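Just so you know, all these numbers are worked out from the coordinates, no wet-lab data involved. Please read all numbers here as calculations on a predicted model, not as lab measurements. Every residue, glycine as well, gets a Cβ built from its backbone with ideal geometry; the counts of neighbours run over all protein chains shown.
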Amino acid sequence: MPGLDEKLHDTYAEVLRRNPGETEFHRAVHEVLDSLGSVVAKHPQYADSAVIRRLCEPERQVIFRVPWVDDHGVVQINRGFRVEFNSALGPYKGGLRFHPSVYLGIVKFLGFEQIFKNSLTGMPIGGGKGGSDFDPKGRSDGEVMRFCQAFMTELYRHLGEYTDVPAGDIGVGGREIGYLFGQYRRITNRYESGVLTGKGLTWGGSQVRTEATGYGTVFFVNEILATRSDSFDGKRVVVSGSGNVAIYAIEKVHQLGGLVVACSDSAGYVVDDKGIDLEVLKDVKATRRARITEYAEARGGAADYVGGRPVWEVPCDIALPCATQNELNGHDAGALVKNGCTVVAEGANMPCTPEAVKLLAGAGVVFAPGKAANAGGVATSALEMQQNASRDSWTFEHTEQRLSDIMRGIHDRCLETADEYGAPGDYLAGANIAGFTRVADAMLALGVI
Ligand code: GLU
């Protein structure tokens, strides 16, 4: 096990043996264990109590059949997942991902990350994740609704505002949360607002939840820049993706005086030297659910489309990977370094490969891992739960201020913890250690759980 502390070898070997073929999960575990060497050296109780081994085993994993009928009357079968990973700090909390790549290993990687991310927010939320291999691409509204209803027809029995509270992730936005909530309410006959987050504003949703992940990532980078007496002013920024996280990251960068010059989808990227026009991007991607080539067409000569190449070749000061896991590899990191990029912050979950992370660190580029930088989404979900519990709704300004304070808190916690454990300036170590110690201490307090 290269790099791992001796006390953690067996834990990792056990994870490999118990979860064969789940490479994304292996990597997520390895990355956390890699940061815990100094922690077990300083606090032997974590190794002695087997709390790290327990953390690597989900509390509960649900896998179910999702049968539904498409627009042609043909029966379709998908597979549904919910991994309830850890509830030491609060109800399981984490999104649902609908994407053809979804299998148990992806859900477990995301659920594992979610434990530490949620812990890091300082809020009372455990970690979980779910989803399906359903591909929403090209499906009609009616098909998406019937799929969501079929999915919730099984999932509802595992949920509850004190038990497990899903939200969105890739392929699950406001529309899907609406259909899921509608089916939950219909089956249970309970208007239990706190059972799902990311709801619409007229039926229990929170202001800023839609914007929160992207805004939060940019707030986090703003804190990094502030520690260097710097700001977004005049910075060239490249964002990957063009979904919910990317769109609101772009919006906040522009509000803070930076310029996002490129963004992408799975087929290619667009470069717009005057800055991405958000109105056009929102129309193409959020409203029409079309390909990003249409952005370039709508902008006429102002933007270029480049197909089949990584967006990371576009020179920038700050890079925000906001699409999906493993989208920025060692080669891409090399291009960023060569072009003078100084900060990489993950808006998506684990978009940078281990090679990329290593290369960036070696070149002195500040790296902010997703479990810290993109925690604004789930943190605002926790604010939505607070509002639901008190039957209240806050203003946009108040909620955004709370989000910004939370991101500053996470940033400072990462830096302080990194300092405390002899890794000054290392946001990855700080995030892993601070996330770990809070949840591990709660587990120890609750007995052998
Ligand atoms: N899917 C988001 C994440 O990766 C948000 C989860 C939530 O709001 O529960 O953190």
For the chain, built as a Gaussian network whose Cα springs stay under 10 Å, the top-fluctuating residue of His331, His99, His43: His43
Region 360-449: C-alpha gyration tensor shape, a/c 1.5 cut-off, then a/b vs b/c: oblate
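Beyond a 25 Å Cα-Cα separation, which of these cross-linked pairs lie in this structure: Lys129/Lys252; Lys285/Lys338; Lys117/Lys285; Lys199/Lys252; Lys252/Lys282; Lys93/Lys285? Present the calculation step by step, with values, prior to reporting the outcome.
On the way: Lys129/Lys252 27 Å; Lys285/Lys338 31 Å; Lys117/Lys285 28 Å; Lys199/Lys252 22 Å; Lys252/Lys282 14 Å; Lys93/Lys285 27 Å.
Exceeds cut-off: Lys129/Lys252; Lys285/Lys338; Lys117/Lys285; Lys93/Lys285.
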Axial C-alpha extent at least 20 Å, average Kyte-Doolittle at least 0.0 - helices from the chain (DSSP): 104-120, 141-155, 209-227, 427-445
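Please arrange Ile115, Ile187, Ile170 by how many other C-beta atoms lie within 10 Å of their C-beta, fewest to most. Spell out each step's value before the answer.
Details: Ile115 30, Ile187 13, Ile170 24.
Starting with the residue having the fewest Cβ neighbours, the order is Ile187, Ile170, Ile115.
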Estimated dipole of region 210-281 in Debye, rounded to 20 [Cβ of Lys and Arg +1, of Asp and Glu -1, Cα centre]: 220
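Under 8 Å for C-alpha pairs, at least 6 residues apart: give me the relative contact order for region 298-423, rounded to a whole percent. Could you put the intermediate results ahead of the total?
On the way: 145 pairs, mean separation 23.7, N = 126.
This gives 19 percent for region 298-423.
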Percentage relative contact order, the chain, counting C-alpha pairs under 8 Å, at least six apart: 15
Extension gain, Ile63 back to Leu16 (0.36 nm per residue minus Cα-Cα distance, nm): 14.9 nm
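Calculate for the chain the 222 nm mean residue ellipticity that helices alone would give, adding -39,500 (n - 2.57) per DSSP H run of length 4 or more and normalising by residue count, nearest 500 deg cm²/dmol. Could the numbers behind the result be given before it?
On the way: 18 runs with 209 residues, N = 449.
The per-residue figure over the chain is -14500 deg cm²/dmol.
What's the local net charge at Thr217, with K and R +1, D and E -1, over the other residues with C-beta under 10 Å away? Please list the in-between numbers first.
Numbers: positive: Lys252; negative: Glu346.
Counting the neighbours of Thr217, the net charge comes to 0.
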Estimated distance in nm for a label pair at Ser266 and Ala290, the labels positioned 7 Å out from Cα along Cα-to-Cβ: 2.0
Thr202 paired with Phe396, simple spin-label distance in nm, labels 7 Å along Cα-to-beta-carbon: 1.8
Charge dipole (the chain, unit charges on Cβ, about Cα centre) - positive-most of Gly362, Gly409, Gly178: Gly178
Net length gained if the chain between Glu355 and Arg175 were fully extended (0.36 nm per residue, minus Cα distance): 61.1 nm
Residue-count net charge about Pro351 - beta-carbon cut-off 11 Å; Lys, Arg +1, Asp, Glu -1: -3
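First check a/c for region 183-320, with a ≥ b ≥ c the square roots of the eigenvalues of its C-alpha gyration tensor; if it is under 1.5, answer rounded, and if not, answer prolate when a/b is larger than b/c or oblate otherwise. Before the final figure, lay out the partial values.
On the way: a/c = 2.66, a/b = 1.46, b/c = 1.83.
The shape class here is oblate.
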Estimated FRET transfer efficiency (Ala363, Arg408; beta-carbon r; R0 25 Å; 0.05): 0.40
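Decide, for region 295-449, between rounded, prolate and oblate: order the square roots of the alpha carbon gyration tensor eigenvalues as a ≥ b ≥ c, take rounded if a/c falls under 1.5, and otherwise choose prolate if a/b is larger than b/c, else oblate.
Values: a/c = 2.35, a/b = 1.33, b/c = 1.77.
Oblate, because a/c is 1.5 or more while a/b does not exceed b/c.
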Under 12 Å, Cβ to Cβ, from Thr399 - net charge with Lys/Arg +1 and Asp/Glu -1: -4
Distance in nm between pseudo-label sites at Leu446 and Ser49 (7 Å out along the Cβ direction from Cα): 1.2
